[in-house]
Structures are given as C-alpha cells and as structure tokens.
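In what follows, a structure is listed as structure tokens, so that the remarks can point back to it.
The values are calculated or read from the model by the stated rules, or taken from the named source; none is laboratory data. Note that the structure is a prediction, hence the values are computed from the model and not measured. Don't worry about glycine lacking a Cβ; one is built from the backbone with ideal geometry, like all the others, and counts go over all protein chains shown. Surface areas here come from the heavy atoms of the whole protein model, side chains and all, with no ligands, DNA or RNA. Shrake-Rupley method; radii C 1.70, N 1.55, O 1.52, S 1.80 Å.
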Amino acid sequence: MLLRTAWRRAAAAVRAAPGPRSEAPARGLRLRVVDNAPQSAVPSDTATALEVESVLRPLYMDVQATTPLDPRVLDAMLPYLVNYYGNPHSRTHAYGWESEAAMERARQQVASLIGADPREIIFTSGATESNNIAVKGVARFYRSRKKHLITTQTEHKCVLDSCRSLEAEGFQVTYLPVKKSGIIDLKELEAAIQPDTSLVSVMTVNNEIGVKQPIAEIGQICSSRRVYFHTDAAQAVGKIPLDVNDMKIDLMSISGHKIYGPKGVGAIYIRRRPRVRVEALQSGGGQERGMRSGTVPTPLVVGLGAACEVAQQEMEYDHKWISKLAERLTKKIMNSLPDVVMNGDPEHHYPGCINLSFAYVEGESLLMALKDVALSSGSACTSASLEPSYVLRAIGTDEDLAHSSIRFGIGRFTTEEEVDYTVEKCIHHVKRLREMSPLWEMVQDGIDLKSIKWTQH
C-alpha cells in the first residue's frame, strides 16, 4: 500500500510539472502496469489509477541471466498454486495423489526433452544445486578408489567453486585451458585422464560467450576411458537438440528459469545403466530416490515440465528466429562500427548469446549509457565484481578488451524492433564515448598504443 501511495505521488508530480508531455511511452521503453493491490484499494476512477500506476521499464536483452516466464507455463502452474496444493509425498489421500501425478508427468516432460528415462530425472532447486550434486556427489562416492577430476577454466562459478572445495578435501583437479575460440582441445582432455579420474565436467554452452563444446566427442572419450561425464547444460537444454544416450552423457544439470520456466527449480539427470552413484548432499526424508531430500515443490516442477514441453515443440522455430535476430544485430553493429570484436568461436556458437568487445570504450560506461536496454557485461553471478571476466581472460582476450565487453541476449520473445533499437542506441553511444576517449584519438592519429610506455605519477 505504501509503495502504491509513493507511486501515485511521483506520478502526480510528473503530471504537475511544467513543459511538454508525450502521450506515448518513450521508444525503447516498455509500459508496464503495476496493479497488485486488493480490489477494494483500487480507486473508483480506473483510468486514473492505471495512468498513475504506469511504470516505464527498459527493453530486456539479458536472457542468459534469466528468461521471462512463458504464459503457457504460468497457465500450467496456476492450478497447483491455488487448488491442487497437496504434498506430492502424501500417500494416504487424493490431495497427495494428484500432486504426485503432476510431479511424475513433469518428470516425463523433462526426460523426453533430453532423451532420458523419467526415473533418471531428479528435481533440484536449480542448476547450481545440480552441479554441486554432480561434482561433489560423484567425487565423494568414489573417493576410496578415485581422487582426480577434470574440468575447464571457463566453467560456471558453481562448478569451479565445487572443485576448489574438493581440492580442500584432498582431491586433485585438472583445470583444462581452452583455445582462443573458447573450445577445449580434445587431445589435451585425453592426455589429462588418469587411472584414478572419476569425473569430467564440461559445460555444453558457455553462459558468457555462447560457445558450444564438442559434447558428443567428449562423451565418446569419457566412455572409452570409463570415466563419468557431467555437463552443465543450463544454457543449452531446450535451445539446441540434446540426447544423453547419443552423446554418452552420464550426468546433466538443468535450470528452469533459463528455459522460460520458474525460478527456484531445476533438475539433474543421473544415468541408471550403467549406474552412476552419487553421495547425497542433503539429509532428510529420502525423497527423489534418496539423492535430494525435501518436499518437491509441485507448482515449480509442473512449470519446469511445461517449459520443457514447450521448448521441445518450438525448438526449431525458436532457433530460426533467434538466429535471424542475432545475425541482424551483429551485422548492423559490425558494419557501422570499426574495432568491434566478437568473443568466442563464430561457428560452434549458440546464436542467442552474443559477446562483443568495443575497443577504446569502457564496458561499464556503455552499460550506463544504454540505461533503457537491460544488458550485461558478463555473468550475472559475477557482475558485482569489477574484475574483467575470467572467461574472457581464459580465451586470451586483452584486459582492455575484456573490460569493454557487452553480452547481448536474444530469446523467444525478443522482437526485431527491440534489436533495431538496441543497435541504434549502441552505435550512437559507442561513437559518443570514443569521441571522449584520448586513446581513440591517438589510434586515429596512427599511434600504436602497445608501443607506448606509460609512467605512473
């Protein structure tokens, strides 16, 4: 109520302010009506109330951080938020049975998307928990015989931190470097596998630069050497075709909110034949085959299942649409601005994640200038840090270029108008910021910046 009152006062002040008023919202800003109060609190003059509650919001171009909830997913979830509220583990009455049936249907929908058996799907709170279960669970279960793991330097922070945690417990971890393209060298992977290696963990699509790793080839190597293979597929599931059997994947992490589903839910695929054993991280009632105790949140897993089903139906269409918009964005920016570098392999790449470095422009300055477009300079999980992205450093990007990178995320609901507006604003602000930069001026005068010896004062 206090928030609504504050908004009314702010809007009244805007209306009372002198000067010309625009009837339509500014281009590039979406008009969102906020109306969360009970009906009795809404003023009788509905038109005035709606005008007061109007809030301008930026365009959303950060789908690697999270995606909006698909309306079809919300429709599937609503009954389980309101009417079908039973505990899915209650076996003695209809409330529990109907929730359990919904949970098992969702399990089937997730399994179908990746070519798995429903019994191989374990519901979790998200990809971070799934990654922790996979990395720590496998390592700890086989610790008596195997004390070595392999991952890459460009993995998500939760995989890298899980590996560091295991190193403190006495495990050995090999962090494979990546080539300038962002892809690992398969020969280096083969050479790194030891007789006591229990797990190889390589992400399918990188969340910062969109590079696709050769998952099927890695799966083949791991299978031939009898080492378990885990992949963090949070950015890939529902966006590119994946089959756990064809690709010989033993464990896979899935996130709900990266595929237009709800936040707070995910899944881990754990192979049954040949069986992969994991040590549970959480103690409790033994739900989810003892691997993840705790009451399964029925509305959230129903949402995850619905999101997977929609993704399976629309994957081909989504991929074509996103590829078209990605090409439109990169071509327009590259043709209009010199000294723009696309980070990561342009061929083995998911088109919806575009990471560009704008030389001689500070990335944070550009983000602030593009305030009416929601963008990111890297992973949302590390965006509070002023350090350049560890992923860009791993692919050999110069520190000044790493600081000037912006990640553009294109998704299912992105429109051509949004892409064009983002491009237009980006080009304008890059030109403006470069005009203010003494480095840009020196480059225009033909001075090689790397030949300059800078001195401290």
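How much of Leu401 can a 1.4 Å solvent probe reach, expressed as accessible area in Å² and rounded to 10?
40
Hey, what's the stretch 104-201 come to in accessible area per residue, 1.4 Å probe, Å²?
39
Which of Thr415, Leu439, Gly396 sits closest to the plus end of the dipole of the stretch 394-449, meaning its Cα is farthest towards the positive end, when Lys and Arg get +1 and Asp and Glu get -1 on the C-beta?
Among Thr415, Leu439, Gly396, the one farthest towards the positive end of the dipole of the stretch 394-449 is Thr415.
In debye, nearest 20: dipole of the stretch 183-250 around its Cα centre with unit charges on the Cβ of K, R (+) and D, E (-)?
Dipole about the Cα centre, nearest 20: 100 debye.
Please give me, ordered by residue number, the trypsin sites (Lys or Arg not before Pro) of the stretch 47-156 that lie in loop per DSSP and have at most 16 other Cβ atoms within 10 Å.
Arg91, Arg143, Arg145
Quick one: how many Å² of Ser198 are accessible to a 1.4 Å probe, rounded to 10?
Surface accessible to solvent at Ser198 totals approximately 0 Å².
Is the shape of the stretch 258-331 best called rounded, prolate or oblate, per the rule: a/c under 1.5 gives rounded, else a/b larger than b/c gives prolate, else oblate, with a ≥ b ≥ c the square roots of the Cα gyration tensor eigenvalues?
Since a/c reaches 1.5 and a/b is larger than b/c, the shape of the stretch 258-331 is classed as prolate.
On average, how much accessible surface per residue is there in the stretch 211-259, in Å², for a 1.4 Å probe, leaving out ligands, DNA and RNA?
32
As a test question: what accessible area, to the nearest 10 Å², does Ser255 have when a 1.4 Å probe is rolled over all protein chains in place?
We get 10 Å² for Ser255.
Between beta-carbons, use under 10 Å as the cut-off and find the net charge around Leu392, counting Lys and Arg +1, Asp and Glu -1.
So the environment of Leu392 carries a net charge of -2.
Listed here are the pairs Lys187/Lys239; Lys263/Lys425; Lys263/Lys324; Lys136/Lys157; which of them are more than 22 Å apart at the Cα?
Long pairs (Cα-Cα over 22 Å): Lys187/Lys239; Lys263/Lys425; Lys263/Lys324.
So which trypsin sites (Lys or Arg not before Pro) in the stretch 235-294 are both in a DSSP loop and have at most 14 other Cβ atoms within 10 Å of their Cβ?
Here the sparse-neighbourhood loop sites are Arg272, Arg275, Arg277.
Out of the stretch 333-430, which chymotrypsin sites (Phe, Trp or Tyr not before Pro) are coil in DSSP terms and have no more than 16 other C-beta atoms within 10 Å?
Phe413
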